[in-house]
Amino acid sequence: LWIEEDTNDVEKLEKAIKEALAANGLVADAVCTYDEYGVFPAAHLSINMGNRPMPFSPDKICMTNIKSDFRTECKRIGLSSPKSVALRQSMYADKNFDPIAYLHAEGLSLP
């Protein structure tokens, strides 16, 4: 069963899916997507249609897309999270600039 519909309007998409399923005597066991763009709408549809969202619920998907929220969640559940600092081109104007020392001073370590 193939449905072509705009994925920006989840309500319209849900209606089209439910109509197509009913017209064909089918029931959806899951709502999946083949691209990253569709993960968020698919999660909403899964919940609305009584299924478990895969891979995560919409709020968890948002959390993984916002770096500061992701780091906060990692800290809350006791996981280490990626850290980063900016290395600016202007820093290299100083001939004594040591990027490795700078990273260590910022609390980062390299493998």
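The values are calculated or read from the model by the stated rules, or taken from the named source; none is laboratory data. Source: prediction; values computed, not measured. Virtual Cβ from ideal backbone geometry, glycine too; neighbours counted across all protein chains shown. For the accessible areas, the whole protein counts, side chains as well, though only heavy atoms, and no ligand, DNA or RNA atoms are used. Shrake-Rupley method; radii C 1.70, N 1.55, O 1.52, S 1.80 Å.
Estimated purely from DSSP H runs of n ≥ 4, each contributing -39500 (n - 2.57), the mean residue ellipticity at 222 nm for the chain is -13000 deg cm²/dmol once divided by its residues.
Rounded to the nearest Hz, the phi-derived 3J(HN,Hα) couplings of segment 47-52 under the Karplus curve 6.51 cos²θ - 1.76 cosθ + 1.60 (θ = phi - 60°) are 5, 4, 9, x, 10, 6, where x marks glycine and proline.
Specify the angular offset, from 0 to 90 degrees and rounded to the nearest 10, of the alpha carbon long axis of helix 10-23 from the longest principal axis of the alpha carbons in the chain. In the chain, helix 10-23 runs at an angle near 40 degrees to the longest axis.
Using only the Cα atoms of segment 6-59, build the gyration tensor, take square roots of its eigenvalues as a ≥ b ≥ c, and label the shape rounded, prolate or oblate: rounded if a/c is under 1.5, else prolate if a/b is larger than b/c, else oblate. It is prolate, given that a/c is not under 1.5 and a/b is the larger ratio. Run down the lysines and flag those whose C-alpha is under 18 Å from the C-alpha of LYS60, throwing out any fewer than 8 positions away in its chain. The qualifying lysines are LYS75.
Relative to the Cα centre, the charge distribution of the chain, modelled as +1 at Lys and Arg Cβ and -1 at Asp and Glu Cβ, gives a dipole magnitude of about 600 debye. From the coordinates of this entry, volume of the Cα convex hull per residue in Å³ is computed, and it appears in [x] 131; [y] 240; [z] 161 under the label [z]. Cross-link reach is defined here as a Cα-Cα straight distance under 18 Å, omitting same-chain residues fewer than 8 places apart; for LYS83 the aspartates and glutamates meeting it are ASP69, GLU73, GLU106.
Candidates TYR92, PHE56, ILE66 compared by Cα position along the dipole of segment 1-106: farthest toward the positive end lies TYR92, with charges placed on Cβ. Expressed as a whole percentage, what fraction of the accessible surface of segment 1-79 belongs to carbon and sulfur atoms when a 1.4 Å probe is rolled over the protein heavy atoms? The C+S portion of the solvent-accessible surface of segment 1-79 is 56 percent.
Across segment 60-111, counting alpha-carbon atoms alone, Rg and Dmax equal 14.7, 44 Å.
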